[in-house]
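First the structure, in the form of structure tokens, and then the observations on it.
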Amino acid sequence: MNQPLLEVTNLEKFFPVAGSGIFSRERGTNKAVNGISFTLNEGETLGLVGESGCGKSTAGRTILKLYDPTSGSIKFEGEEISGYSHSKMKPLRTKMQMIFQDPQSSLNPRQSVGAIIGASFEVHNIKPEEGVKRAVQELLERVGLNAEHYDRYPHEFSGGQRQRIGIARAIALKPKFIVCDEPVSALDVSIQAQVVNLLTDIRDDFGMSYLFIAHDLSVVQHISDRVGVMYLGKIMEIAPTDSIYSTPHHPYTKALLSAVPIPDPKLERKREQIVLTGELPSPMNPPTGCVFSTRCWKAQAKCFEVEPILQKVGKAEVACHFPE
Amino acid sequence: MALLSVRDLRVQFATPDGIVDAVSGVSFDLKEGETLAIVGESGSGKSVTNLAYMGLLPKTRTTITGSVVLKTEDGEVDLIGMSVEDLRKIRGKDVAMIFQDPMSALHPYYSIGDQLIEAHQAHNEVAKEVSRDRAIELLALVGVANPDERLKAYPHQFSGGMRQRVMIAMALMNNPKVLIADEPTTALDVTVQAQILKLLRDIQAKFKMAVILITHDLGVVAGAADRVNVMYGGRLVESASVNDLYENPLMPYTVGLLDSIPRMDQGHGKRLRAIPGQPPSLIQLGSGCAFAARCSRKSELPNGKCETSPELKAVSAGHLVRCHLYDSKESVK
């Protein structure tokens, strides 16, 4: 078997939390990503889902080395990059890119679209044969905008169009891997569908891999080959998309899926919902044993003491002592 | 007679770029005890419609016309053109509202006890203790543990879901007949959304309120609404019972909207059927059908037909649609 494009092992990212007052010491650590492992193959899309605060965005950013990992290993094309410095990462950035949630704040309002997308070529000193301007115009057309948009500014575009600009920038250097962090969450449904289709098309055209981070489970199901479910900085379950949506093994996955409303009144009203009680515990002080134990209806004494590790259950890998 | 009756409501904003027709002639009725969902995308006018008659739009550069008649204990009143003082007596008492973002809707400097008690004192001449008891009762009802203690807490000490529960408690302080919920679960995670939607269903049954649920999420609508109004470009384009709308959508926009959502029950990898193009600019929208530029069935009609505005007409009992495709259908009363 070929080596995976990306291999993440026991990745941790902790943030120090300051106490009150200017001179106070650290009050604790926010364990945003608390030991996650997964692989991503070439051309594959891995969806990462979970509720706010589960660490899915931090995971994405740490893998791209936008944050320095606290510990763990990140291998990209077999190369260990977790300890790389900023300058050592630079050549790799042509191969790994990111698409952000909010196209309003991720595009410089003072730069024209041409300058924003053209910067990718300039920074890496890449000179396309046809010239930067023509290359940018081709990219604009590829993402469904017009070549004439080259001289316009971000504020002249709608949210969906701005997201297309962000996509054009990400694919400018034909990367192998893109982290998509909630790329369609800020868009209206009719526009969301356009952007999801565009992301699928360019992935298949260029043979790229995505780490697709989103809280919307229906969108993730649509675009992903495999899905990982995160809770409090840990992966609870990771499985092929069809399997995880039809037969979830982890109680949390089950609860999460049952909470997603179905746009069909008859199905929606008769389906069974698991309404979780309680609140998400603080990532500064996660529960001992299984992190989900405080809200799990199946929890037993063992769950509060021993932390479950990912184990094979059917087609899935599940971190649960009593999988469904 | 309906509890709330909106007739030909129009809202215009004067902006430096020109007049924005945010709402252009919306009419609908809200019956007692029903849940009416108003669905639409950003800029469709779904929020502005309700903010207009609640007197929550800026006074300057805004023109509101039409009538919104509410049945109250003192008879029928028209909320449009009412004085600020009179409207204040109705707001929070007969009609209450909850918003998308409870962090910005609650005052960060006052304890939630102060805010809940104030909401009650504003409409009732009773001792503060009475209001306090009411606050404790309602916090318990919406599922806040230790309500007695939590009265002293400030909004930032609550999680997003808990803040939304506090907002709901505040809205219920005076037993409103109408609750307007403007994207009440949009900022929440799915598991918390499920909790809040269940809570809203429970209290609606208990208090026998009518609810106007403003949302863009057709999944939420499917589970919560009795009737659905679909808005596009500041107009009501379709109105039907919830089952009717999902089984038999008529307006091409509604059809497109239902097609464009990825559905978890339909497997993975299927291509989404997106609606092409962009939502219209509301500046100089013109009189034609606002959806014409994106409509896939425009070619079925004679050339130029869609440049004239279609009327909202009933094609079957309780199913209204604004589209020229249904011009030839018999109008049903």
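Read-outs throughout are calculated quantities, based only on the coordinates presented, and are distinct from any laboratory measurement. Just so it is clear, the structure is predicted and the values come from calculations on it, not from any experiment. FYI the Cβ positions are ideal-geometry reconstructions off the backbone, even for glycines, and counts take in every protein chain you see.
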Legend entry - Stokes-Einstein D (µm²/s) once Rh is taken as the Kirkwood radius of the range B:64-205 over alpha-carbon pairs, at 4 °C in 1.567 mPa s: 82 µm²/s
Inset, instruction - Would you mind calculating the gained length between B:LEU57 and B:LEU285 on full extension (0.36 nm times residue separation, minus the Cα-Cα distance), in nm to one decimal? - result: 80.0 nm
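Which value in deg cm²/dmol, rounded to the nearest 500, describes the helix-derived mean residue ellipticity at 222 nm for the protein assembly as shown, given -39,500 (n - 2.57) per DSSP H run of n ≥ 4 and division by the residue count?
Details: 22 runs with 197 residues, N = 657.
Calculated at 222 nm, the ellipticity per residue is -8500 deg cm²/dmol.
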Inset, instruction - Any aspartates and glutamates with Cα under 19 Å of the B:LYS71 Cα? List them, leaving off those in the same chain fewer than 8 positions away. - result: B:ASP8, B:ASP29, B:GLU32, B:GLU34, B:GLU85, B:ASP86, B:ASP94
Inset, instruction - Compare A:ASN285, A:ASN125, A:ASN30 in a GNM of chain A, Cα atoms joined below 10 Å, and give the one with the largest fluctuation. - result: A:ASN125
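Could you pull out the chymotrypsin sites (Phe, Trp or Tyr not before Pro) across the range B:71-129 that fall in loop regions by DSSP (anything but H, G, I, E, B) with no more than 14 other Cβ atoms inside 10 Å? Could you put the intermediate results ahead of the total?
Working: sites: B:PHE99, B:TYR109, B:TYR110; in loops: B:PHE99, B:TYR109, B:TYR110.
Counting only loop positions with at most 14 other Cβ atoms within 10 Å, the chymotrypsin sites (Phe, Trp or Tyr not before Pro) in the range B:71-129 are B:TYR109, B:TYR110.
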Legend entry - Nearest 10 degrees, 0 to 90: helix A:113-123 Cα axis against chain A principal axis: 80 degrees
Inset, instruction - Quick one: P(r) of the protein assembly as shown from all Cα-Cα pairs, 10 Å bins, percents rounded to integers, in order of increasing distance. - result: 3, 14, 23, 25, 20, 12, 3, 0, 0
Legend entry - Long-range amide H partners of B:THR35 with built H, under 5 Å: B:VAL211, B:ASP226, B:ARG227
Inset, instruction - With +1 on each Lys and Arg Cβ and -1 on each Asp and Glu Cβ, and nothing else charged, work out how big the dipole of the protein assembly as shown is about its Cα centre, in Debye to the nearest 20. - result: 540 debye
Legend entry - Footprinting exposure proxy for A:LEU198, B:LEU236 (fewest neighbouring C-beta atoms within 10 Å first): A:LEU198, B:LEU236
Inset, instruction - Kindly provide the pair-distance distribution of the range A:57-189 built from C-alpha pairs, with 10 Å bins from 0 and whole-percent values in order of increasing distance. - result: 12, 40, 33, 14, 1
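Using a Förster distance of 56 angstrom, determine the FRET efficiency expected from the C-beta separation of B:PHE207 and A:GLN111, and round it to 0.05. Don't skip to the end; give the middle numbers.
Numbers: r = 53 Å, r/R0 = 0.95.
My answer for the efficiency is 0.55.
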Legend entry - Listed residues B:ARG227, B:ARG271, B:ARG61, most fluctuating in chain B (Gaussian network, C-alpha, under 10 Å): B:ARG271
Inset, instruction - Please determine, in degrees from 0 to 90 and to the nearest 10, the orientation of helix B:160-172 with respect to the longest principal axis defined by the Cα atoms of chain B, where the helix direction is its Cα long axis. - result: 80 degrees
Legend entry - Compactness of the range B:186-293, expressed as Rg and Dmax over alpha-carbon positions, Å: 16.1, 45
Inset, instruction - Based on alpha-carbon positions alone, could you give the equivalent ellipsoid semi-axes of the range A:107-173 from the gyration tensor, as √(5λ), descending, whole Å? - result: 18, 12, 10
Legend entry - For the range A:168-324, projected area of the alpha-carbon convex hull averaged over all directions, nm²: 11.2 nm²
Inset, instruction - Could you work out how far the C-alpha centroid of the range B:277-294 sits from that of the range B:94-154, in angstrom? - result: 43 Å
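For A:LYS88, A:LYS176, what ranking results if the residue with the fewest other Cβ atoms within 10 Å of its Cβ goes first? Walk me through the numbers on the way to the answer.
Details: A:LYS88 11, A:LYS176 18.
Fewest-to-most ranking of A:LYS88, A:LYS176: A:LYS88, A:LYS176.
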Legend entry - Shielding score for B:185-191, defined as the mean number of other chain Cβ atoms within 10 Å: 6
Legend entry - Span from the the range A:156-214 Cα centroid across to the the range A:267-320 one, whole angstrom: 32 Å
Inset, instruction - Identify all aspartates and glutamates with a Cα-Cα distance to A:LYS312 below 17 Å; exclude those on the same chain that are fewer than 8 residues away in sequence. - result: A:GLU237, A:ASP242, A:GLU324
Inset, instruction - Would you kindly state the longest site-free stretch of chain B, with sites defined as GluC sites (Glu not before Pro) in a DSSP loop (not H, G, I, E, B) surrounded by at most 14 other Cβ atoms within 10 Å? - result: B:126-310
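Using the 10 angstrom Cβ neighbour count as an exposure proxy, how do A:TYR150, A:TYR252 rank, fewest first?
Working: A:TYR150 18, A:TYR252 26.
Going from least to most buried by this count: A:TYR150, A:TYR252.
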Legend entry - Pairwise label distance in nanometres, A:ARG271 with A:HIS124, each label 7 Å out on the Cα-Cβ vector: 4.1 nm
Inset, instruction - Select from B:LYS46, B:LYS313, B:LYS128 the residue whose mean-square fluctuation is largest in a Gaussian network model of chain B (Cα-Cα springs shorter than 10 Å). - result: B:LYS128
Legend entry - Helix axis angle, A:189-206 relative to chain A longest principal axis, alpha carbon, degrees: 80 degrees
Legend entry - Given charges at Cβ of Lys, Arg, Asp, Glu: the range A:172-324 dipole, positive-most of A:ILE235, A:VAL313, A:ILE262: A:VAL313
